[in-house]
Amino acid sequence: MRILVANDDGIFSPGIKALAFALRELGEVSVVAPDVEQSGVGHSITFRRPLRFKHTASAGFGEIPAYRVDGTPADCVVLGSNLLGRPDLVVSGINIGVNMGLDLTHSGTVAAALEGASLGVPSIAFSLDASGEELRFEEAAKHALRIARWVLKNGLPPKTLLNVNFPNRPPRGIRVTRLSTHRYEDSVVERHDPDGRPYYWVAGKPTAELQEGTDFWAVQHGFVSVTPVSLDYTAYGFLEQLGSMAEG
């Protein structure tokens, strides 16, 4: 089995290292990750400039081939799939911080898995709650191994990926969940440079409804949250109503 590991925290992140080492048990692992942090870039693809693809022994992956790309997480999956051979599984993470609810619209971690799924490859995004003092990457990687093994054995439906979030404590188990209302309430902070010209920071405060059955509820209660996510964004329930506009 060929397993392609990507992320958005960058090739030197401890999360991707823990994930890559754990998945060696399942097959041939290759790492392709951004050279710098790419959090929040979403599913962007670089097409207005060339990309660099460099082997990076200094990242500390030992015998696992690891390459850095001066682009986005989705770029990494595209290059890895084309230059190293089509993988049997794409995994992304382990991200520093959860990706739940509406986070999926801008998450670079999830975008790497989205790109894998769009290529027809079973794909999983892994993220870890970073609100505690200790980041339990090795423990999360053990559960990631279990989930990845299941996916390799059973497969995933077309255009479907798994979005997995780990709590910041030893998990009580795994829950299959739906997306929550988790999002960030944006605020804009204005400041001034030494010349008096304004500049802005976009800040955000996380918020969500704590409803049982959601990814947010599961992680808050100490469970690993596994959410199936579809690439088909069509609002099927609205098609018939919208059709009246076309007919009129």
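The values are calculated or read from the model by the stated rules, or taken from the named source; none is laboratory data. Predicted, not measured: the structure shown is a model, and the values here were computed from it. Virtual Cβ from ideal backbone geometry, glycine too; neighbours counted across all protein chains shown. Accessible surface areas use protein heavy atoms only, side chains included; no ligands, DNA or RNA. Shrake-Rupley method; radii C 1.70, N 1.55, O 1.52, S 1.80 Å.
Would you mind counting up the charge near S30? Only other residues with Cβ under 13 Å from its Cβ, with Lys and Arg at +1 and Asp and Glu at -1.
+1
Would you be so kind as to identify all helices of the chain, as entire DSSP H runs, whose Cα atoms reach 20 Å or more along the helix's own axis and whose mean Kyte-Doolittle hydropathy is at least -1.0?
Membrane-span-like by this rule: 137-154.
By the scheme Lys and Arg +1, Asp and Glu -1, what is the net charge of all other residues having a beta-carbon under 15 Å from that of F53?
So the environment of F53 carries a net charge of +1.
Just the number, please: carbon plus sulfur as a percent of the accessible area of the chain, 1.4 Å probe, no ligands or DNA/RNA counted.
Carbon with sulfur: 52 percent of the solvent-accessible area.
Once the other residues with Cβ under 13 Å from the Cβ of D9 are scored (Lys, Arg +1; Asp, Glu -1), what is the net sum?
Taking every other residue near D9 into account, the sum is -1.
Taking the alpha-carbon distance from K142 and a cut-off under 15 Å, which aspartates and glutamates remain once sequence neighbours fewer than 8 residues away in the same chain are dropped?
Correct list for K142: E25.
Pop the C-beta distance of A246 and R178 into the FRET formula with R0 = 41 Å and round what comes out to the nearest 0.05.
Working: r = 31 Å, r/R0 = 0.76.
The value I calculate is 0.85.
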